[in-house]
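Novice: Handing you a structure now.
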Amino acid sequence: MQVWSELQTLAFAFFVPATVLGLLERAYPAQPDQPLLRPQLPTDLLYFLGQYFLWRALSLSALSEIQLRLDAWLPSLLRARVAAQPLWLQLCEAVLISDLCTYLGHRLQHHSAFLWRFHAVHHSAEHLDWLAAYREHPLDGLYTQIMVNLPVLLLGLRFEPLIALYTFRGLWAIFIHSNVRISLGPLRVLLGSPELHHWHHARDRFHGNYANLSPLWDLLFGTYRCPPKEPDSVGLCEPFPRGYVKQLVWPFLPRGPVDPR
Ligand SMILES: [Zn+2]
Ligand SMILES: [Zn+2]
């Protein structure tokens with residue numbers, strides 16, 4: 001019964017975005033010449049399956065372990081004061097702190113040679129679509145989850161609206177990778193659009209657009225980049241292995257393989 005329920009969740013997680021975003025990718029393509037069955041699709045499919053069958057559960061266990069240790073270590077007085085605030089204020093704090101931590105953490109992933117070894121896996125995608133969002137080294141994914149959940153971990157902000165926020169953030173992360181170019185109109189300063197994130201995947205590692213949900217932090221810190229067209233190409237400047245297992249092992253190698261392809 002448990003297996004059946006897991007398979008239903010998996011089918012839902014695959015076919016809903018494949019249908020909705022797949023239709024948007026056909027109607028409003030950012031790269032009209034990109035075929036549906038583009039190169040490295042099987043690799044990204046393995047990332048998707050790996051997330052659902054293995055890495056997501058391990059990441060959640062690691063987060064609960066971190067939470068338990070912080071609960072015992074951090075002073076309860078601060079958490080009691082945070083919890084005493086009105087819910088709307090706690091929600092605003094959670095959104096702002098979480099988005100700021102994600103922005104700073106992501107910027108560090110691009111500037112620290114050690115963190116970049118893991119984050120480069122995500123940037124190795126040479127074609128963007130909704131499935132490419134899942135290309136993420138598990139340790140890079142855990143790092144991002146820690147950044148996203150920092151307000152919860154440190155301040156003890158735990159209430160239902162956060163679940164909705166995190167679900168929306170996860171869905172939006174898939175949308176901004178899709179091969180779609182749609183103007184968000186005035187909302188573009190509040191919500192990061194695919195065009196911004198496509199430029200984040202441009203071959204220049206320090207191009208900008210590090211924010212996940214809202215580009216406000218990029219605007220504030222001067223890393224907002226929105227040229228009026230799509231980047232000519234996305235991916236890495238350096239050679240990178242193409243297979244799933246090789247990519248997972250790559251960050252641990254002392255140097256890049258002699259012939260990664
Ligand atoms: Zn990045
Ligand atoms: Zn991305």
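Novice: I'd like to check something: does the stretch 120-130 contain any residue that is outside any helix (DSSP H, G or I), within 16 Å of ligand 2 (Cβ to nearest atom) and touching a Phe, Trp or Tyr at 6+ places or on another chain (Cβ under 7 Å)?
Specialist: Yes.
Novice: With the requirement that a residue be among the aliphatic types (A, V, I, L, M) and either in contact (Cβ under 8 Å) with a residue 12 or more places away in the chain or part of a loop (DSSP other than H, G, I, E, B) (or both), what does the stretch 172-197 give you?
Specialist: ALA173, ILE174, ILE176, VAL180, ILE182, LEU184, VAL189, LEU190, LEU191, LEU196, listed by residue number.
Novice: Still on this structure, please answer the following. Quick test for you: out of LEU58, LEU24, LEU68, LEU46, pick the one residue that is part of a helix (DSSP H, G or I), in contact (Cβ under 8 Å) with a residue 24 or more places away in the chain and over 19 Å from the mean Cα position of the chain (by Cα).
Specialist: Working: LEU58 fails: over 19 Å from the mean Cα position of the chain (by Cα); LEU68 fails: in contact (Cβ under 8 Å) with a residue 24 or more places away in the chain; LEU46 fails: over 19 Å from the mean Cα position of the chain (by Cα).
Exactly one of LEU58, LEU24, LEU68, LEU46 is part of a helix (DSSP H, G or I), in contact (Cβ under 8 Å) with a residue 24 or more places away in the chain and over 19 Å from the mean Cα position of the chain (by Cα), namely LEU24.
Conditions tested, residue by residue: (1) under 16 Å from the mean Cα position of the chain (by Cα); (2) in contact (Cβ under 8 Å) with a residue 12 or more places away in the chain; (3) more than 13 Å from ligand 1 (Cβ to nearest atom).
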site: CYS92; (1), (2), (3): no, no, yes
site: SER98; (1), (2), (3): yes, yes, yes
site: TYR103; (1), (2), (3): yes, yes, no
site: HIS106; (1), (2), (3): yes, yes, no
site: HIS111; (1), (2), (3): no, yes, no
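Novice: Mind checking which residues of the stretch 198-211 are assigned to a helix (DSSP H, G or I) and near ligand 1 (Cβ under 9 Å from one of its atoms)?
Specialist: HIS200
Novice: Within the stretch 125-145, work out how many residues are in contact with a Pro (Cβ under 9 Å, 6 or more places away or on another chain) and within 11 Å of ligand 1 (Cβ to nearest atom).
Specialist: Residues that pass the stated criteria total 1.
Novice: Do we find a residue being within 16 Å of ligand 1 (Cβ to nearest atom), more than 15 Å from the chain's Cα centre (by Cα) and closer than 22 Å to LEU220 by Cα anywhere in the stretch 186-193?
Specialist: So far as the stretch 186-193 goes, no, none of its residues is within 16 Å of ligand 1 (Cβ to nearest atom), more than 15 Å from the chain's Cα centre (by Cα) and closer than 22 Å to LEU220 by Cα.
Novice: Out of curiosity, is LEU37 farther than 26 Å from ALA164 by Cβ and outside any helix (DSSP H, G or I)?
Specialist: Considered against the rule, which asks whether it is farther than 26 Å from ALA164 by Cβ and outside any helix (DSSP H, G or I), LEU37 comes out as yes.
Taken together, the values in this text are just the output of simple stated rules run on the coordinates, not laboratory data. Being a predicted model, the structure only gives us computed values, none of them experimental. All Cβ positions, even for glycine, are placed from backbone atoms using ideal geometry, and neighbour counts span all protein chains on display.
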